[in-house]
Amino acid sequence: MMDKKTSGSLISYFEKLLDFYRNFLGLEKEKLDDLQNGRLDLLDECLKREQAFVLEARGLEQERAKLMDLTPQPDAKFHALIPQFPGECREQAQALFRQLSSVLTEMKETNRQNTVLLEQKIHTASAVIGKLKNRPELRKIYDEKIRGGNQPPAFLSTKI
């Protein structure tokens, strides 16, 4: 059985983790919306924010490792520890586990959708760039449009 102080610390940590992943999921959904609506110019900012989340996740993982060392089973997964929580904390720990699992499942699916859309955009861009390389007359037209201030559709940008 886990003591009240350790169980309270773990519950606080998992509440913080749940909040973190909800915010991260929000960013992933924003990125998905940008991809679906062709707002590729906004992806750079999304990626910068995503990098900040990744760094924060590393810090949270270090915090988790320290907390787990205080438990009776330091190598156990969170759901395996739930029975070790004192009775009055067990229900809260179970609820946090369900919420966190739900958010992580949604995040994985959103990330999968982002990956599929990005791969489609990259394939389209590669095909256009391949045509430009193989046909100098198309490259000339593309370059003239850029110099003239006319921006081609975002999926044709060589900045991709």
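The values are calculated or read from the model by the stated rules, or taken from the named source; none is laboratory data. Remember, it's a predicted structure, so these values are computed and weren't measured experimentally. Here the Cβ is made from the backbone with ideal geometry for all residues, glycine too, and neighbour counts use every protein chain on show. Side chains are part of the model used for accessible areas, which takes the heavy atoms of the whole protein and leaves out ligands, DNA and RNA. Shrake-Rupley method; radii C 1.70, N 1.55, O 1.52, S 1.80 Å.
A few remarks follow.
- In the stretch 22-36, the residues that are touching a residue at least 12 places away in the same chain (Cβ under 8 Å) reach residues that are open to solvent by less than 40 Å² (accessible area, probe 1.4 Å) and of a type outside the set (A, V, I, L, M, F, W, C) with C-beta atoms within less than 6 angstrom, at least six apart or across chains, in these pairs: GLU28/THR110; LYS29/THR110; LYS31/ASN114; LEU32/THR110; LEU32/ASN114.
- Test: residue in the stretch 27-40 that is more than 30 Å from GLN120 (Cβ to Cβ) and at pLDDT 95 or above: no
- Residue selected from the stretch 56-78 under the condition under 19 Å from ARG22 (Cα atoms) and touching a residue at least 12 places away in the same chain (Cβ under 8 Å), by the criterion most open to solvent (accessible area, probe 1.4 Å): GLU56
- Subset of the stretch 96-113 that is among the hydrophobic types (A, V, I, L, M, F, W, C) and open to solvent by less than 30 Å² (accessible area, probe 1.4 Å) - its residue that is farthest from LYS31 (Cα to Cα): LEU96
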